[in-house]
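The values are calculated or read from the model by the stated rules, or taken from the named source; none is laboratory data. Values in this document were obtained by computation on a predicted structure and should not be read as measured data. Glycine also receives a Cβ, built like all others from the backbone with ideal geometry; neighbour counts cover every protein chain displayed.
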Amino acid sequence: MTGYIAIEIPKGMKISMSILTDTETYHSGEYMEARVSTACSNDLGSAIVRFYGIEDRFGKYRINEEKVIRINSPGNETVFLVTVPRCYGCAGISPGEYNLTAELIYSGEVIGNTSKTITLAK
């Protein structure tokens with residue numbers, strides 16, 4: 001599994017995050033199913049998972065979504081269903097490798113993140 005990180009936050013709690021996608025290579029306009037798994041050694045309550053990536057040549061992320069989740073010790077999985085942008089020169093997206101990032105936001109602060117690389121093909 002790629003895109004995994006384990007971090008320690010104040011109060012001695014440990015959080016783990018990972019990103020798993022349904023494939024490693026996507027074609028223009030295809031659907032992507034990305035699963036962001038989070039777990040914590042203690043119950044933190046509500047947090048936000050921001051999932052973003054595929055930055056175009058103008059600096060804009062073509063995938064950029066957020067979901068409110070509950071962080072707890074057994075862990076949970078947040079599913080993001082997104083459409084991969086089309087790779088055309090005028091759209092600012094070219095075929096190649098792109099990063100996907102998941103951030104865990106708690107009390108307005110990013111307390112962890114993880115990334116993975118995918119390939120975008122025409």
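Here are a few things to note about the model shown:
- Yes/no for residue 28 being under 16 Å from residue 105 (Cα atoms) and either touching a residue at least 24 places away in the same chain (Cβ under 8 Å) or of a type outside the set (S, T, N, Q) (or both): no
- Qualifying residue in the range 36-48 (condition: more than 16 Å from residue 114 (Cα to Cα), surrounded by 15 or more Cβ atoms within 10 Å (Cβ to Cβ), out of contact with any Leu (no Cβ under 6 Å at 6 or more places or on another chain) and modelled with pLDDT of 90 or more): no
- Restricted to the range 58-104, and to residues there that are assigned to a strand (DSSP E or B) and in contact with a Leu (Cβ under 6 Å, 6 or more places away or on another chain), the residue that is modelled with the lowest pLDDT is 71.
- Filtering the range 77-97 for residues that are small (Gly, Ala, Ser) and either buried (at least 16 other Cβ atoms within 10 Å of the Cβ) or over 16 Å from residue 122 (Cα atoms) (or both) leaves an empty set.
- Of all residues in the range 49-58, exactly one satisfies the criterion of being more than 13 Å from residue 98 (Cα to Cα) and either loosely packed, with under 12 Cβ neighbours inside 10 Å or of a type in the set (Ser, Thr, Tyr) (or both), namely 58.
- Cβ-Cβ contacts under 7 Å between residues 6 or more apart (or on different chains), taken from a first residue in the range 72-84 that is on the phi > 0 side of the Ramachandran plot to a second residue that is surrounded by 14 or more Cβ atoms within 10 Å (Cβ to Cβ) and of a type in the set (A, V, I, L, M), are listed as 75/39.
- Condition check for residue 85: of a type outside the set (Lys, Arg) and in contact with a helix residue (DSSP H, G or I) (Cβ under 7 Å, 6 or more places away or on another chain): yes
- Condition check for residue 110 on (1) surrounded by 13 or more Cβ atoms within 10 Å (Cβ to Cβ); (2) assigned to a strand (DSSP E or B): one failure, at (1).
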